[in-house]
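The values are calculated or read from the model by the stated rules, or taken from the named source; none is laboratory data. In this text the structure is predicted, and so the values were computed from the model without any measurement. Cβ: placed from backbone, ideal geometry, glycine included. Neighbour counts: every protein chain shown.
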Amino acid sequence: MTELEDFNNSKDIETRKVQKLGSSSLFITLPKKWINKWNIKPGDKILIEISDDGALKLLAEKIKLLSSRRSVRIDIDSLKQPISNVILCLYTLGYDEIVFESKKSIIQKDIEDLITTTKQVVGAEITEASENRVKVECLLDAEKVGLESLLRRMLNIISRKIDEIIAELSNEPLKDNGINQEDLKRVYLMLLRHSMGSKYDMSNSLNKNILVMMNAVILLNISKNIDKIHDIMLKPDSLNTADISNIKDILHKVNDLLDEVVMSILFPSLKRISNGLTLVSQIKELLSELNIKDTLLFSYISNTVEQLQTALENSSCTLFLEDMPWIERNFNVIR
């Protein structure tokens, strides 16, 4: 048996002759067995995937849409914990249909807690609820909301919080921006779903998603710090004029640093990383001039800067996922 025959026997492979249509077009017919199995009809769309190794993969669009929908069924009796505790995890892992079943009656409080929890996530809703079964469907495809858009939303929410503190320190009228920590958490959960629940596992893309996710966690913590700074700054009586001026400068630079952290991970750039490192140095110099080093306020501001520095280091890693002119890969390969 030849190597080709052995390969053909290991898979369901058919041979097709390339034919000519018109003056320049070439075509092949689709295998009848495949057409019947997947009920392919005239007018159906076929996705064509071209690989670098010369392979050509055909996939019916309706099959891809069906296969890309993720579902999970949970036995509540075996779970032995409230179903509301696991819904956020399953949402972030990319499941589109989550079914909870029990041989006993589901406790009404568990259903009420589940309703409350689903309100915390965008696109999730309970579509079925009976005595022994509850189904949650995630009707929003997070992958259709760009990673860039989600990260920008997190950036904008935190930036507006910082602007609010600066306005208060400057005795400027406050704008009701109508945002809170729950808004940030909803965007954060969408970003996690986009990253962790991605249906496409390209290696560089996956690595970038992990870095984005790490920075999203940092942004969430920074937002909590900003809230604490804001609460303390409501009573600025203990601060002298010089400290207030320095804190305003620090917060302006923190906003600029936030922008460099987010933009450099979305669009890898040596210049942005360099700008970010310069801002870190400038902020640390301003911190050294403050006369409040033994206070909680100083601790929260310092911690915010440290976390932003870590986030900038994460962002700098994306440079090495790109084909930069100053990066040579596989240089020791014998050609």
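Laid out as a table, the results:
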read-out	value
Every residue from the range 87-117 that is assigned to a loop (DSSP other than H, G, I, E, B), β-branched (Val, Ile, Thr) and surrounded by fewer than 16 Cβ atoms within 10 Å (Cβ to Cβ)	ILE107
Among the residues listed as LYS224, LYS253, the single one being in a helix (DSSP H, G or I) and either at pLDDT 95 or above or not assigned by TED's automatic domain parsing to the domain that holds ASP163 (or both)	LYS253
Residue count for the range 118-161, restricted to those that are out of contact with any helix residue (DSSP H, G or I) (no Cβ under 8 Å at 6 or more places or on another chain) and part of a helix (DSSP H, G or I)	4
Failed item, numbered, when GLU172 is tested on (1) outside the structural domain of LEU90 (by TED's automatic domain parsing); (2) at pLDDT 80 or above; (3) part of a loop (DSSP other than H, G, I, E, B); (4) over 27 Å from ASP243 (Cβ atoms)	(4)
Helices (runs of 4 or more DSSP H) lying entirely in the range 18-83 (those with 2 or more residues that are under 29 Å from LYS103 (Cα atoms), in contact with a Gly (Cβ under 7 Å, 6 or more places away or on another chain) and modelled with pLDDT of 80 or more)	none
Sole exception among (1) crowded, with 16+ Cβ neighbours inside 10 Å; (2) within 20 Å of MET190 (Cα to Cα); (3) acidic (Asp, Glu) for GLU125, by number	(1)
Some residue of the range 268-278 being touching a helix residue (DSSP H, G or I) at 6+ places or on another chain (Cβ under 9 Å), part of a loop (DSSP other than H, G, I, E, B) and in the same structural domain as HIS252 (by TED's automatic domain parsing)	yes
